[in-house]
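Okay, structure first, notes after.
The values are calculated or read from the model by the stated rules, or taken from the named source; none is laboratory data. Computed from a predicted model, the values in this text were never measured in an experiment. Here the Cβ positions follow ideal geometry from the backbone for every residue, glycine too, while neighbour counts run over all protein chains shown. Each accessible area value is taken on the protein alone, full model and side chains, heavy atoms only, with ligands, DNA and RNA left out. Shrake-Rupley method; radii C 1.70, N 1.55, O 1.52, S 1.80 Å.
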Amino acid sequence: MKEKIYKILLDDKLLGTTNLEFGDPPMGIVFGQIIFAESNFGYDFFKQYCIDNSIELQTDYPNDKLISTRQIEKLKIYNSENIEIVGVGNNVEGMDSDIYTLTILGIDSETYKLEFPNHIAEYEQKFNN
C-alpha cells in the first residue's frame, strides 16, 4: 500500500508534511512526524506563533527547546485530494534536537474508516491474535 502524505498548512502557508503514521481508532486520533518545509520551523517559531495568537502551551521548556501546544485553529491538514482532515482538536509537540509530531484528535468514525483503514486493521489485528 502506498504511503499517504498529508500537507500541513498554517495560516494558509505550507508548514510541511506528515504521514500520520500512527493512530488510535477508538479515540479517533491520528498522529505523525512533521517534515518541515523550511528549516526555520521549530521551538522558536511555535513559541512566537503561540504568543502572537494567544494559544496556550501544554509544555514549554526553553532550555531544552521542547514545546507542546494546545489547539491551533489555523493549522489545517489535507490529504492528497485536498480534502481537509478535521477533528475536534489538534496539537504540535516536539523539540529541536529530536522530532516534532502533529496530532489530530476526535476524527469522526466515517472519515477515520475512509482515510485511515490501515490504523483500523492494525488495531483489530492486535485483538485477533
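Some values worked out for this structure:
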| quantity | calculated |
| --- | --- |
| Test: residue in segment 35-50 that is of a type in the set (A, V, I, L, M), at pLDDT 95 or above and within 24 Å of residue 5 (Cβ to Cβ) | yes |
| Residue, farthest from residue 65 (Cα to Cα), within segment 1-40, restricted to residues that are of a type in the set (S, T, N, Q) and within 11 Å of the chain's Cα centre (by Cα) | 19 |
| Verdict on residue 118 being open to solvent by less than 70 Å² (accessible area, probe 1.4 Å) and not in a strand (DSSP E or B) | yes |
| Filter result for residue 99 (in contact (Cβ under 8 Å) with a residue 12 or more places away in the chain, surrounded by fewer than 18 Cβ atoms within 10 Å (Cβ to Cβ) and either out of contact with any strand residue (DSSP E or B) (no Cβ under 8 Å at 6 or more places or on another chain) or not basic (Lys, Arg) (or both)) | yes |
| Selection count, segment 1-38, where residues are part of a strand (DSSP E or B), of a type in the set (Gly, Ala, Ser) and open to solvent by less than 10 Å² (accessible area, probe 1.4 Å) | 2 |
| Single match in 44, 60 (criterion: assigned to a strand (DSSP E or B), open to solvent by 40 Å² or more (accessible area, probe 1.4 Å) and not small (Gly, Ala, Ser)) | 60 |
| Condition check for residue 57: free of Cβ contacts under 8 Å to residues at least 60 places away in the same chain, among the aliphatic types (A, V, I, L, M) and over 30 Å from residue 111 (Cβ atoms) | no |
| Conditions (1) open to solvent by 80 Å² or more (accessible area, probe 1.4 Å); (2) under 15 Å from residue 111 (Cβ atoms); (3) polar (S, T, N, Q): number failed by residue 79 | (1) |
| Residues within segment 103-115 that are in a helix (DSSP H, G or I), closer than 20 Å to residue 3 by Cα and of a type in the set (Ser, Thr, Tyr), tallied | 2 |
| Residue in segment 69-83 that is of a type in the set (D, E, K, R) and closer than 18 Å to residue 19 by Cα present | yes |
| Cβ-Cβ under 6 Å pairs, at least 6 apart or on other chains, segment 26-44 side more than 19 Å from residue 126 (Cβ to Cβ), far side β-branched (Val, Ile, Thr) and outside any strand (DSSP E or B) | 33/99 |
